[in-house]
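Reviewing the structure listed below.
What follows draws every value from the coordinates through simple rules; no lab data is involved. Just so you know, these numbers come straight off a predicted model, no measurement behind them. Glycine also receives a Cβ, built like all others from the backbone with ideal geometry; neighbour counts cover every protein chain displayed.
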Amino acid sequence: MMRSNRSLSQPSLWSSIWLAMLVIMLGLALVPRIALAQDSVEPAGPTIEIGDGVISDNEIRSRIQKIFREIEGLNRIFVSVSSGVVSLNGQVEEATLARKAEDLVSRVAGVVAIENRLTEQTAVTERLKPVIGRFETRLQQSLDYLPLLLVAGLVWLLIGAIGWFVTTRKQPWDWLTPNAFIADLLRQTVWLAFLMFGALMALDILGATAVLGTILGAVGIIGLAIGFAVKDTVENYIASILLSVRQPFQPRDFIALEGMEGFVIRLTSRATILMDVDGNHIRIPNATVFKANIVNYSRNPERRFLFELGVDADSVLHEALAVCHETLDGLGFVLRHPEPGAWIEKVGDSNVLIGVSGWINQTETDFIKARSEAIRTVKTALEHAGFALPEPIYRLRFDNGVPIPATEPSEPGDRPAAGRKPAATITPVPETQPVDAEPTEQVTDTGVDEAVLKKVDDERQQEPGGDLLSANGKDELGERPKT
């Protein structure tokens, strides 16, 4: 009995296993169907008609052919329709025409699909036909627009001529600004405004005002790029405008800036041109001039010269100062007001330094010549008055650092003691004897050196209208003082 029960239970086990495997296989087979049912979407494009609503192929072909016959370049396309599927065959002159034909066919009712078998024409004569056609069309349009173009051009020229006439008058520009450079800049700005207004009117006549925004945008971008490229030039130009307004110096002024000295020749729109005392030209960018410290030696006609002279330490100093003062006061080129001066500068190792100064009129006296003549005259006067102008005195040592005592000079027959070095003999320096001769008369010419100034005037006459400076006697500080 036990054996028969075991044999009956085995078939039931295998049947259960086969049943489970069958269920799994059926489930796997149904999964794609369920997924497809869940992922179903609406059909793309128009719904394909069936039944009595279907348009016949002949109607579709007839409609497409009529459309193609009305469009240039599509009249050579062969159209065939089968079950709503349109086939396009033939050659077109340009690829754009093939795309245009396909787009038109897709908009015809009843078309299910399109087979575009069109090819592009490769023959040169056929390819040139549309180009020639477009050229002829544009030429005809230009001829039609020619009268309108002439009217627009005349309006632009008329407005520009009015602007030129207004901006070339002396008034009111000279009245608005006395500076010639600023007045010229204002004239150019106003004339440019007239030209822009004329261009706007011309475009309005042609019906192309929308182009003006594009043009202005392109001009703005180009101007920005050019501005970055010529940044230094723009900076110098703006500095020249500010310098022409400020007028920190005038032509023929002797100035010093950036470690250079010279007479001003002219101020241009980019640089300031100087001539040094050797006749060399110096060009300094206006941006540098505008930011530099400028020393104008010609702004005030009165200028002080200064020098130092040394006298012996045992001299009577107040008498030496009086001699210096009286000597300068007696020179014809030294001004009485402000009066010359003399003072003790410092006490040196072997002398006393006296500072001496005097004032001159630069319009009549050369600064360097006057200072040179004053030094010569005061030195001669001090020597004639008995004041010594000593040279530096040095003490020499000949041992290894031990001071050598000064001893009296020995007799000719004396010899040094054994084991001792002979002492150094100190010879007294003779004092400078007073000069008995009278001071010589003044022979040096102290007049203004006109050689460099004449060169400056010659340079200015070569370009009389190229200077932004004014020579009317006024600068940024107002009227110049006169002596």
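Okay, here's what the table says:
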item	result
Anchor Lys346: lysines whose Cα lies under 25 Å away (excluding residues fewer than 8 positions away in-chain)	Lys379
Positive-end residue, region 54-122 charge dipole about Cα centroid, Cβ charges, pick of Ser106, Asn58, Ser82	Asn58
Stretch gain in nm, segment Thr444-Ser82, where the contour uses 0.36 nm per residue and the Cα spacing is subtracted	118.1 nm
Charge context of Ile226, other residues only, Cβ under 15 angstrom, K/R +1, D/E -1	-1
Within straight-line cross-link reach of Lys455, lysines at Cα separation under 29 Å, skipping those fewer than 8 residues along the same chain	Lys291, Lys369, Lys474, Lys482
Region 54-122, relative contact order in percent, only Cα pairs under 8 angstrom and at least six apart counted	34
D_trans [Stokes-Einstein, Kirkwood Rh over alpha-carbon pairs] for region 54-122, 37 °C, 0.692 mPa s, µm² s⁻¹	278
Segment Glu391-Leu216, length gained on full extension (0.36 nm per residue, minus Cα span)	55.1 nm
Net charge over other residues, Cβ less than 15 angstrom from the Cβ of Glu450 (K, R count +1; D, E count -1)	-2
Amide N proximity, region 348-369 versus Leu317 label position 7 Å along Cα-to-Cβ, cut-off under 14 Å	348-356
Cβ-defined net charge surrounding Ser82, 14 Å radius [Lys, Arg +1; Asp, Glu -1]	-1
Ser62 paired with Asp329, simple spin-label distance in nm, labels 7 Å along Cα-to-beta-carbon	13.3
Loop chymotrypsin sites (Phe, Trp or Tyr not before Pro), region 308-398 (other Cβ atoms within 10 Å of the site Cβ: 14 or fewer; DSSP)	Tyr394, Phe398
Spatially proximal lysines relative to Lys129 (Cα-Cα < 29 Å; intrachain offsets below 8 disregarded)	Lys66, Lys100
